[in-house]
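The values are calculated or read from the model by the stated rules, or taken from the named source; none is laboratory data. Quick caveat, the model's predicted, so the values are computed rather than measured. Don't worry about glycine lacking a Cβ; one is built from the backbone with ideal geometry, like all the others, and counts go over all protein chains shown.
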Amino acid sequence: APTIHRADYRPLPWTVERIDLHFNLDPTATVVTSRLNCVRNPEVEAGPLRLWGDTLECLLLTVDGAEPAAAALRELEDGLEVDLAGERAVVEIHTRIDPQANTTLSGLYLSNGGFFTQCEAEGFRRITYFPDRPDVMARYTVTLEADRERCPVLLSNGNLLEQGELPGGRHYARWEDPFPKPSYLFALVAARLVVLERKAQTASGREVLLQVWVEEGNLDRAGHAMDSLIHSMRWDERTFGLELDLDRFMIVAVADFNMGAMENKGLNIFNTKYVLAKPDTATDVDYEHIESVVAHEYFHNWTGNRVTCRDWFQLTLKEGLTVFRDQQFSADMLAEAAGEEDAASARAVKRIDDVRVLRAAQFPEDAGPMAHPIRPDSYQEINNFYTATVYEKGAEVIRMLHTLLGTEGFRNGMDLYFSYHDGKAVTCDDFVDAMAEANGRDLDQFMRWYAQAGTPRLGARGEWNAADGSYTLRLTQHTPPTPGQAEKLPLVIPVAVGLIAPDGSDLPLQLEGESQPGASTRVLELKTAEQRFRFVGLSAEPVPSLLRGFSAPVLLELEEDDERLAFRMAKDSDPCNRWDAAQRYAERVILALAADLGQGRAAAVPEAFIRAFRSLATDEALDPAFRAQAAALPAEGYLLERMSPADPAALRAALRLLYATLGERLAADWLALCERLPVAGEYRYHPADAGRRALLNLALRYLAAAGNEAGLALARQRFGAAGNMTDRFGALAALVQSASPAREDALAAFHARYKDDALVLDKWFSLQAGAWRWQDDAPGTLLRVKALLDDAAFSLSNPNKVYSLLGTFFRANPAEFHAADGSGHVFWADMVIALDARNPQVAARMARALENWRRYTPALQASIRPQLERVLATKGLSPDVSEVIGKALQ
Ligand code: HT7
Ligand code: ZN
């Protein structure tokens with residue numbers, strides 16, 4: 001596939017002002033009639049109208065009512081070019097498409113008999129010929145015509161103008177969206193659905209209709225999504241003064257969907273996973289995710305829809321900013337529920353969650369062959385760039401702006417951004433320029449965050465001068481080379497710093513030249529490769545606490561011995577850094593165990609670590625949700641990245657030993673926790689209860705890993721008696737991650753209870769795919785995964801099933817996936833090839849599981865390479881997979 005470069009962006013000579021669409025919906029032969037009111041762009045040199053089209057059958061094309069001369073219409077590999085005269089023209093196009101044959105879930109497709117669309121990024125061109133780029137913003141009128149029996153509900157963007165009956169059992173609905181939008185925000189739904197609806201008032205007093213559409217039988221699972229939507233509306237009004245601009249806002253749940261959800265104007269389409277929840281089927285984590293995804297899509301209405309991206313290279317303009325907004329929203333929701341006293345801890349728990357995701361998913365991406373800046377310079381397939389870098393690192397970049405400018409400065413920047421760019425398709429420069437102008441700041445150097453790939457290394461060394469009571473912090477930065485970017489320039493890195501006194505209290509900070517001490521945490525701005533900051537007026541040597549709140553997406557390289565880490569685990573006033581100290585200590589212990597076990601040496605968990613871990617996990621003064629974070633070990637994927645070469649078997653052996661040791665040595669503590677923590681009464685989704693359940697389930701996990709009889713009995717009992725999915729699933733997970741034979745019965749009982757529930761079965765698949773081997777002679781997980789492919793509930797055509805079974809195995813079970821006999825690698829190639837024939841986006845996601853293969857041991861590399869080559873040599877391979885594998889092999 002050709003490479004597309006950001007530098008090649010040119011505005012189109014013709015754009016579309018209005019589009020009138022008519023859909024005659026039929027499962028195998030849908031006819032789409034499109035009338036485009038085209039307008040010449042006076043700022044661009046004359047040229048033809050460019051229409052993209054993909055897998056379309058063109059039935060008719062006219063210009064101002066007549067067929068164009070043969071020479072005026074040219075067929076291109078990816079669409080058409082039409083010569084138009086004058087300043088305006090009406091182009092009418094009729095196409096025929098086959099939704100039933102569309103297994104890609106991009107464009108118009110069928111799910112459970114209903115019609116659904118997904119147009120981001122380039123799905124609209126699979127529906128009709130169109131200048132399918134985000135900088136073409138048009139007003140849409142849409143008429144849907146379908147069989148009434150099959151599709152009683154007909155939805156599209158905006159407001160319903162009219163609906164009625166048609167001959168032959170058909171009916172129609174006509175919709176109009178008052179706001180100009182890019183084609184990627186177009187949507188339609190024609191299906192058999194039921195609705196939960198509420199009326200709400202916006203801040204300015206307008207009445208709006210909120211709807212959540214689901215399949216019959218699921219109405220009792222739609223309430224949490226509705227509540228989340230109302231909370232999101234209120235938060236955006238309160239925080240950014242942004243109101244819902246439509247009279248009606250719809251959410252539709254669909255079971256076949258490539259990603260989490262889609263922010264189509266006024267008609268958000270969601271993966272059922274991020275809508276449906278009731279206590280018996282959804283865990284606390286599911287409730288949390290639903291709240292944040294509903295918020296994310298709702299927030300896009302301003303950051304993405306009202307102001308959109310000029311081109312797809314600017315994707316982080318909407319995604320990074322919207323992830324930041326949903327992270328802030330979730331933190332505020334948690335803080336509100338926790339109450340004033342516990343608000344800081346609640347916010348930290350959310351921040352820790354976000355940092356975990358960044359480290360586990362984005363850091364490896366930044367260290368691999370697909371590394372790219374948050375604003376990439378080139379791509380072959382845009383669908384491959386909906387990445388943790390664009391989303392999560394993009395959100396970190398926005399967060400740094402927020403830190404540097406302050407809450408008020410950031411809000412002023414947002415206001416200016418909307419005042420300049422509402423209704424337009426713009427670039428990341430436009431956003432940062434608005435922030436700079438509103439705050440009188442020069443952010444030119446800051447823009448390097450948009451241009452440079454790779455995780456920067458932040459070095460820190462402190463020098464204590466007892467004679468004058470000063471402490472000099474020397475900060476350095478460098479970013480390692482990434483593909484195509486050998487040299488990197490210094491970035492602006494906000495480093496939030498505290499200094500801890502020997503008694504554990506925070507010291508007031510006074511920099512050299514300042515007249516008096518100030519706050520105990522302050523943000524230093526590191527702008528050059530090396531900078532010194534001299535703190536004065538100190539009476540004893542302090543312990544530095546750096547990057548508080550994880551103030552920048554960097555890897556902190558700071559030499560700290562075990563005692564110092566244990567000290568910060570116990571004393572750091574910044575909860576994120578307290579957690580981080582525990583993670584660093586655990587990482588050090590795990591990697592040392594892995595090195596020993598990998599070399600066949602005897603290994604034991606250091607006593608000092610067990611002591612430090614125990615004090616933190618059992619500290620009753622701390623919020624259970626925080627303790628659950630502190631007691632959870634670093635993600636296996638992150639640890640593999642920290643290992644050189646990455647040796648999944650040795651790492652797994654180390655983790656097994658650590659789990660079992662902590663389970664055994666702290667058994668009495670874990671059992672005591674299990675007595676004290678249970679939440680009485682009926683289930684409610686509340687962060688305080690969720691924290692208790694999370695810590696209790698973690699305690700069960702440690703006990704089960706150690707084979708503790710009392711712990712296993714408790715897990716069996718809780719599994720049987722659970723009154724909600726969080727408890728039931730937590731107990732089941734503990735049993736499955738143990739050598740106990742009880743796990744098979746529990747898995748069977750779980751299956752029997754939920755055999756008709758697709759979303760719960762996803763959990764059942766995932767749990768088995770992620771299962772470790774707790775006895776060396778147990779059969780490998782791959783055998784189980786292969787057997788599950790034939791389960792009646794499994795389907796390679798449903799992304800949720802693929803992500804649950806294959807995604808978990810390839811991404812979350814490295815030791816089993818990378819079994820020494822190479823069977824996992826052969827299986828991976830078989831699956832990627834099979835998936836690619838149906839759904840290239842999903843196949844590419846699975847393909848990426850091996851992108852960092854060069855980091856593994858030579859023996860594993862030798863096993864992986866031929867499989868990568870086999871996939872690349874497959875006839876008809878999609879551009880999606882071919883970009884991933886091509887770059888991995890480069
Ligand atoms: N903006 C949405 C992106 C999305 C998507 C992209 C490619 C293929 C399928 C997709 N479904 C949704 C999701 C979001 O960030 O809100
Ligand atoms: Zn988004």
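Quick notes on this one:
- Residue count, the stretch 371-390 (criterion: of a type outside the set (S, T, N, Q) and part of a loop (DSSP other than H, G, I, E, B)): 9
- Test: residue in the stretch 220-232 that is among the charged types (D, E, K, R), under 20 Å from Ser111 (Cα atoms) and within 14 Å of ligand 1 (Cβ to nearest atom): no
- Taken over the stretch 276-303, the criterion of being more than 13 Å from ligand 1 (Cβ to nearest atom), hydrophobic (A, V, I, L, M, F, W, C), under 16 Å from the mean Cα position of the chain (by Cα) and surrounded by 24 or more Cβ atoms within 10 Å (Cβ to Cβ) is satisfied by Ile290 alone.
- Residue count for the stretch 88-126, restricted to those that are part of a strand (DSSP E or B), within 14 Å of ligand 1 (Cβ to nearest atom) and aromatic (Phe, Trp, Tyr): 2
- Filtered residues of the stretch 690-708 (kept if among the polar types (S, T, N, Q) and within 30 Å of the chain's Cα centre (by Cα)): Asn697
- Test: residue in the stretch 413-434 that is touching a Gly at 6+ places or on another chain (Cβ under 6 Å) and more than 30 Å from Ala486 (Cα to Cα): yes
- When the stretch 445-480 is limited to residues that are among the aliphatic types (A, V, I, L, M) and in contact (Cβ under 8 Å) with a residue 24 or more places away in the chain, the one that is farthest from Gly394 (Cα to Cα) turns out to be Ala466.
- Number of the exception - Pro182 against (1) out of contact with any Gly (no Cβ under 9 Å at 6 or more places or on another chain); (2) surrounded by fewer than 19 Cβ atoms within 10 Å (Cβ to Cβ): (2)
- Of the residues making up the stretch 537-569, those that are closer than 26 Å to Pro490 by Cβ and in contact (Cβ under 8 Å) with a residue 60 or more places away in the chain number 14.
- Test: Tyr683 is touching a Leu at 6+ places or on another chain (Cβ under 9 Å) and not hydrophobic (A, V, I, L, M, F, W, C): no
- Where a residue in the stretch 822-847 is touching a residue at least 60 places away in the same chain (Cβ under 8 Å) and its partner, wherever it lies, is aromatic (Phe, Trp, Tyr) and not in a helix (DSSP H, G or I), with Cβ under 9 Å and at least six apart: Gln841/Tyr386
- Any hit, the stretch 134-142, residues being at pLDDT 95 or above, away from ligand 2 (no atom under 16 Å from the Cβ) and at positive phi: no
- Residues within the stretch 14-60 that are more than 23 Å from Arg96 (Cα to Cα) and among the small types (Gly, Ala, Ser), tallied: 2
- Residue list for the stretch 832-845, restricted to those being within 16 Å of ligand 1 (Cβ to nearest atom), of a type in the set (A, V, I, L, M) and surrounded by fewer than 24 Cβ atoms within 10 Å (Cβ to Cβ): Ala844
- Filtering the stretch 91-141 to residues that are over 28 Å from the mean Cα position of the chain (by Cα), surrounded by fewer than 21 Cβ atoms within 10 Å (Cβ to Cβ) and within 23 Å of Thr427 (Cα to Cα) leaves only Arg139.
- Within the stretch 9-34, residues that are assigned by TED's automatic domain parsing to the domain that holds Ile93 and farther than 14 Å from Tyr129 by Cα have Cβ atoms under 9 Å from residues that are among the basic types (Lys, Arg) and assigned to a loop (DSSP other than H, G, I, E, B) in these pairs: Tyr9/Arg310; Pro11/Arg310; Leu12/Arg133; Leu25/Arg150; Pro27/Arg150, counting only partners at least 6 apart in sequence or on another chain.
- If you check Phe431, Phe410 for being of a type in the set (Phe, Trp, Tyr), surrounded by 23 or more Cβ atoms within 10 Å (Cβ to Cβ) and not assigned by TED's automatic domain parsing to the domain that holds Gln890, only one passes: Phe431.
- Filtering the stretch 313-345 to residues that are over 30 Å from Arg627 (Cβ atoms) and either near ligand 1 (Cβ under 10 Å from one of its atoms) or in contact with a Gly (Cβ under 6 Å, 6 or more places away or on another chain) (or both) leaves Leu315, Thr316, Lys318, Glu319, Gly320, Thr322.
- Hey, Ala253 crowded, with 23+ Cβ neighbours inside 10 Å, farther than 25 Å from Asp132 by Cα and either within 16 Å of ligand 1 (Cβ to nearest atom) or not hydroxyl-bearing (Ser, Thr, Tyr) (or both) or not: yes
- Taken as a whole, the condition of being without any contact (Cβ under 8 Å) to a residue 24 or more places away in the chain, part of a loop (DSSP other than H, G, I, E, B) and either over 25 Å from the mean Cα position of the chain (by Cα) or under 19 Å from Glu525 (Cβ atoms) (or both) applies to Asp442.
- Residue within the stretch 239-247 that is within 16 Å of ligand 2 (Cβ to nearest atom) and part of a helix (DSSP H, G or I) present: no
- Elements of type helices (runs of 4 or more DSSP H) contained in the stretch 254-370, each with 1 or more residues being acidic (Asp, Glu) and within 16 Å of ligand 2 (Cβ to nearest atom): 284-299, 315-338, 343-357
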